[in-house]
1. Quick check on the chain: of the DSSP beta bridges with both residues there, what percent are antiparallel, nearest 5%?
2. Within 10 Å, count the other beta carbons around each residue, average over each peptide in 244-254, 149-159, and list them highest first.
3. Taking the Cα centre of the chain as the origin, how large is its charge dipole in debye, to the nearest 20, when only Lys and Arg (+1) and Asp and Glu (-1) carry charge on their Cβ atoms?
4. How large is the Kirkwood hydrodynamic radius of region 324-385, counting all unique pairs of alpha carbons, in Å?
5. Among 19, 187, 28, which one shows the highest mean-square fluctuation when the chain is modelled as a Gaussian network with alpha-carbon springs under 10 Å?
6. So what is the 222 nm mean residue ellipticity for the chain from helices alone, if each DSSP H run of at least 4 adds -39500 (n - 2.57) and you divide by all residues, rounding to the nearest 500 deg cm²/dmol?
7. Residue-wise, which Karplus ³J(HN,Hα) couplings in Hz belong to region 222-230, taking 6.51 cos²θ - 1.76 cosθ + 1.60, θ = phi - 60°, and x for glycine or proline?
8. Counting only pairs 8 or more places apart or on different chains, how many lysine pairs in the chain have C-alpha atoms closer than 18 Å?
Amino acid sequence: MSDRTARAIVHRLLSLARGGVLEVREAGRVTRFGIQDPADPLHAVLEVGSPAFYRQLLRGSMGLAESYMAGLWTSPDLVALVRLGARNGDSLDRPRRWVRPVLGPARALTRARNTIGRSREQIAAHYDLGNDLFELFLDERMMYSSAIFPTPHATLDEAALHKLDVVCDKLELRPSDHLLEIGTGWGALAVHAAARYGCRVTTTTISREQRAHAVERVRAAGVEDRVTVLLRDYRELRGRFDKLVSIEMIEAVGWKDFGTFFERCSDLLTPRGLMLLQAITIDDRAYHVERGNPSFISTYIFPGGCLPSNEIMARCIARRTDLRAVGLEDITAHYAETLHHWRARFRARAGETADLGYDERFRRLWTLYLAYCEAGFRERRIRDVQLVLAKPRWRRDAPAPVLAEELEAA
């Protein structure tokens, strides 16, 4: 396909855009597309540096990212640009839904199951990039998940600490509890739960870089007698625990193993156990389209990852466990703000990435990744929820931190 033909197709698709105005600047010309919503105005600018960009864009998010990494296009406001795309997500998904019955089964076969060995390799591809990289933009506790801002003017560090207390309060942690954490991160939650709430914590990760950092954090906090840091896959865990927490780890499980994940969590809890899951979710209507289509996020950022939907989680919980939902809170707005802080920090220290051995292509990839996710949350194309699940014999010891809701009604 020629660049001219690709441009004509892309311009035709852009002419259908709604929810904002897109200004395409190319070779001294400006072309405007879209219809502005007076109640929620959005203006995005796309600066095309090479006509080869159009052929790349027809490949979807993969082409969008690869052409951005190659410098074929840019934008003064990546978040606004991706937000406009998200507002037109349903119309873009429609043709993919039409071909799903034909292509879906074949694509499903090509997506290998996340075995324990493959999961370790995929996690290493992201989390073992180097702790120094994440220190450039995360808060002082190295929380790589949504913070919760107690006030609009709270700092990222204050919001990260507040989130830890929110999680521990929802789990009703007591000194007598033994808490299991699936997905250690860099150890912040495990240390906080042990130091502030006095409970025992067993936490597990399959990232060697993260485990090394977490072990050092535990030692520095003086809670080695209460915190054990394992290097194990969730499928290798044994024993029974009073409480269980997993913060934005389910996205790495893979869609073929969502049921296995919830089944293992249920089996690891005592009959009176309580679980908190923080999960990035995708709209139910988009789930079946996205799970079989490789995106730049699942290819370049989180290999093998897949976002669950509320519907698929509810189905897995009902079919594979005796857990029931007793609390649900949507914290999507907090994640958009968290990403805004991460992006600003990454941009401010972007020059240091070269000193750490990361090239310009990598910097552009991560700049787009952070903007892409922020836009997705701001437009609620993706969401972040905290789901509290209880075993049959659990009874609330204290007033509910959030109103209980049915997962299906979220």
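1. Bridges in the chain that DSSP calls antiparallel: roughly 50 percent.
2. Highest mean packing first, the order is 244-254, 149-159.
3. My answer is approximately 1360 debye.
4. Mean inverse Cα-Cα distance, inverted, gives 13.0 Å.
5. Highest fluctuation among the options: 28.
6. -14000 deg cm²/dmol
7. Once rounded to whole Hz, the list reads x, 10, 4, 6, 10, 10, 10, 10, 9.
8. Total qualifying Lys-Lys pairs in the chain comes to 4.
The values are calculated or read from the model by the stated rules, or taken from the named source; none is laboratory data. The shown structure was predicted, so the numbers you read here are calculated from the model rather than taken from an experiment. Every residue, glycine as well, gets a Cβ built from its backbone with ideal geometry; the counts of neighbours run over all protein chains shown. The area values use the complete protein model at the heavy-atom level, side chains included, leaving out ligands, DNA and RNA. Shrake-Rupley method; radii C 1.70, N 1.55, O 1.52, S 1.80 Å.
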